[in-house]
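What follows is one structure encoded as structure tokens, with my remarks underneath.
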């Protein structure tokens, strides 16, 4: 059992991780050890006080160095599901982690979902093979696989389902199983009645399926934690960075604009202090 | 007539000033060209992402350098009154300045301290368990705890220090740890050479310690602006850093705890963006 699970390796997560570590809390920190790809790709950043005008690459390197100095470690396991039977349980790459408090610093998801995807979330659409694969035993499903690292999840789904229609969003997909049929045209829409019953491809073809698994890098916050209050793409937070779920806090771009490093770092700090208070009351 | 008047030269003011300048707004910035005396006197700061573990002096120098790089100028005229006949009028050292929007980053003013407290600030005296507790591992410290809400900070300090001499400024202090010794007589003075080395109690006892943490509530800043809504020591702000006075925003320690550089910088950034929006609507 960890004191805190931080989901997200950008500036907000780093800010919170440093403060929580300095205050002696035990952490599990989920994120890419490369830190923030968004920072990395920024051409130039001038308004983060103390660093002057600096390239995103250089800033990201500073962030990594600071994490190293503090002996902070990250795991690149992808969190796909958070539940709250009593404390928090996080499912990441088929492993379960427990924590007393959770901080979401998941950024904003720029990948636009398929038309109808959100509407049918939980009614045929799933983001988690481990969580939901079981329910598609002997059925027909579609799978969007966004990266090579999810291929074993596709294979797991193929063990469950009778037929898998797979579209891979990258060139060299290696999944080759008898019951996995490759879609030649990308998925663009989810259709159905009360439950989804088909995916529509870009070429107009309609493929009847019982479910669709979207295996992408980022998971929308609502699908990460059922019951979490959101407004559009953003998690609703109070000034202390608390959410409507007790013990769950959020910081950084996922809480709304301005999408700025200074703002993310500030909220990470506030969230860390709110978590300290929450833990001391427990 | 300036677009924005920023009152306060600490990290929140700097963060806002950089962003507003980059966005082409005209500024009058009131503060000490030495930047933040509070930052300057911090012994060591470890939780401002990107700068590693750094002395307050060095951090303040980085802040000054960033301001210089951005060609930001400050005036050390003291603002004593802000009124709002139509736009804002600021009275500073008998001169009047006008601005369309105002940002207050005035910090918090602490209560009257113990004799010698200010003298040894940064040389043994600290106001922040999170910031400095780490540096007293295995040492002997005194703590003045001003309110029940700081008890978890006392407990954190007790985890770090070998021995804590605690005086609580209220009746029902619940801290009970083996290495926390209660002082029966209140602390009245800080003594030492180049660094502090003892606190003196009201009954004349001298207690040798390596440091003193003063955990107090902050005191209300002098009301610069009539009608500004405050709560105790703090200016009441919404998430976008707006106050109840249209066109007046606030950021940093003056809006409430945590009193942290990261939080101040984050709020300065948010306030700058809110001001940009406010000015574009005018």
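The values are calculated or read from the model by the stated rules, or taken from the named source; none is laboratory data. It should be emphasised that the depicted structure is a prediction, and the values quoted were computed from it without experimental measurement. So basically every Cβ, Gly included, is an ideal-geometry build from the backbone, and we count neighbours across all protein chains shown.
Going through region B:59-73 one residue at a time, which ones are within 19 Å of the chain's Cα centre (by Cα) and either modelled with pLDDT under 95 or more than 9 Å from chain A (Cβ to nearest Cβ) (or both)? It would help to see each step written out before you state the result.
Of region B:59-73, the ones within 19 Å of the chain's Cα centre (by Cα) are B:59-64.
Once the filter is applied, which keeps residues that are within 19 Å of the chain's Cα centre (by Cα) and either modelled with pLDDT under 95 or more than 9 Å from chain A (Cβ to nearest Cβ) (or both), region B:59-73 yields B:60, B:61, B:64.
If we keep just the residues of region A:77-109 that are in a loop (DSSP other than H, G, I, E, B) and touching a helix residue (DSSP H, G or I) at 6+ places or on another chain (Cβ under 9 Å), which is nearest to the other protein chains (Cβ to nearest Cβ)? Write out each step before concluding.
If we filter region A:77-109 for residues that are in a loop (DSSP other than H, G, I, E, B), which is where we start, we get A:77-78, A:84-87, A:93-94, A:105-109.
Okay, now just the ones that are also touching a helix residue (DSSP H, G or I) at 6+ places or on another chain (Cβ under 9 Å), so A:78, A:93-94, A:105-109.
Numbers: A:78: 23, A:93: 27, A:94: 31, A:105: 12, A:106: 18, A:107: 16, A:108: 16, A:109: 21 Å.
In this case the residue turns out to be A:105.
Take region B:247-280 and flag every residue that is surrounded by fewer than 24 Cβ atoms within 10 Å (Cβ to Cβ) and assigned to a loop (DSSP other than H, G, I, E, B).
Listed by number, the residues that qualify are B:247, B:256, B:257, B:258, B:259.
Identify, from the list B:183, B:91, the residue that is over 18 Å from the mean Cα position of the chain (by Cα), more than 26 Å from residue B:258 (Cβ to Cβ), surrounded by 14 or more Cβ atoms within 10 Å (Cβ to Cβ) and modelled with pLDDT under 90. Write out each step before concluding.
Details: B:183 fails: modelled with pLDDT under 90.
When all the criteria are applied, what remains is B:91.
Being at pLDDT below 95 and within 14 Å of chain B (Cβ to nearest Cβ) is the filter here; which residues of region A:25-39 pass it?
Matches in region A:25-39: A:31, A:35, A:36, A:39.
Looking at B:56, B:46, which is the one that is more than 10 Å from chain A (Cβ to nearest Cβ), touching a strand residue (DSSP E or B) at 6+ places or on another chain (Cβ under 8 Å) and surrounded by 15 or more Cβ atoms within 10 Å (Cβ to Cβ)?
Working: B:46 fails: more than 10 Å from chain A (Cβ to nearest Cβ).
Answer to the selection: B:56.
Just give me the residues in region B:132-145 being crowded, with 18+ Cβ neighbours inside 10 Å and either in contact with a strand residue (DSSP E or B) (Cβ under 6 Å, 6 or more places away or on another chain) or not in a helix (DSSP H, G or I) (or both), in sequence order. Can you show your working first?
So in region B:132-145, the residues crowded, with 18+ Cβ neighbours inside 10 Å come out as B:132-134, B:136, B:141-145.
Those that are crowded, with 18+ Cβ neighbours inside 10 Å and either in contact with a strand residue (DSSP E or B) (Cβ under 6 Å, 6 or more places away or on another chain) or not in a helix (DSSP H, G or I) (or both): B:132, B:136, B:141, B:142, B:143, B:144, B:145.
Taking only region A:155-180 into account, find how many residues are closer than 17 Å to residue A:124 by Cα, surrounded by fewer than 20 Cβ atoms within 10 Å (Cβ to Cβ) and in contact with a helix residue (DSSP H, G or I) (Cβ under 7 Å, 6 or more places away or on another chain).
1
Taking residue A:249 as meeting all but one of (1) more than 19 Å from the chain's Cα centre (by Cα); (2) farther than 21 Å from residue A:119 by Cβ, write down the number of the exception.
Of (1) more than 19 Å from the chain's Cα centre (by Cα); (2) farther than 21 Å from residue A:119 by Cβ, only one is false for residue A:249: (1).
Exactly one condition in (1) over 27 Å from residue B:251 (Cα atoms); (2) surrounded by fewer than 22 Cβ atoms within 10 Å (Cβ to Cβ) is not met by residue B:128; state its number.
Only one criterion in (1) over 27 Å from residue B:251 (Cα atoms); (2) surrounded by fewer than 22 Cβ atoms within 10 Å (Cβ to Cβ) is unmet by residue B:128, namely (1).
Six or more apart or on different chains, Cβ under 7 Å: which pairs go from a residue in region B:246-269 that's facing chain A (nearest Cβ under 9 Å) and in contact (Cβ under 8 Å) with a residue 12 or more places away in the chain to one that's assigned to a loop (DSSP other than H, G, I, E, B) and surrounded by fewer than 24 Cβ atoms within 10 Å (Cβ to Cβ)? Could you list them?
Qualifying pairs under 7 Å: B:269/A:258; B:269/A:260.
Among (1) touching a residue at least 40 places away in the same chain (Cβ under 8 Å); (2) touching a strand residue (DSSP E or B) at 6+ places or on another chain (Cβ under 7 Å), which single condition is residue A:22 missing?
Only one criterion in (1) touching a residue at least 40 places away in the same chain (Cβ under 8 Å); (2) touching a strand residue (DSSP E or B) at 6+ places or on another chain (Cβ under 7 Å) is unmet by residue A:22, namely (2).
Out of B:200, B:164, B:175, B:190, which single residue is within 14 Å of chain A (Cβ to nearest Cβ), farther than 30 Å from residue B:91 by Cα and either more than 20 Å from the chain's Cα centre (by Cα) or assigned to a loop (DSSP other than H, G, I, E, B) (or both)? I'd like the intermediate steps shown before the answer.
Working: B:200 fails: within 14 Å of chain A (Cβ to nearest Cβ); B:164 fails: within 14 Å of chain A (Cβ to nearest Cβ); B:190 fails: within 14 Å of chain A (Cβ to nearest Cβ).
Matching residue, one of B:200, B:164, B:175, B:190: B:175.
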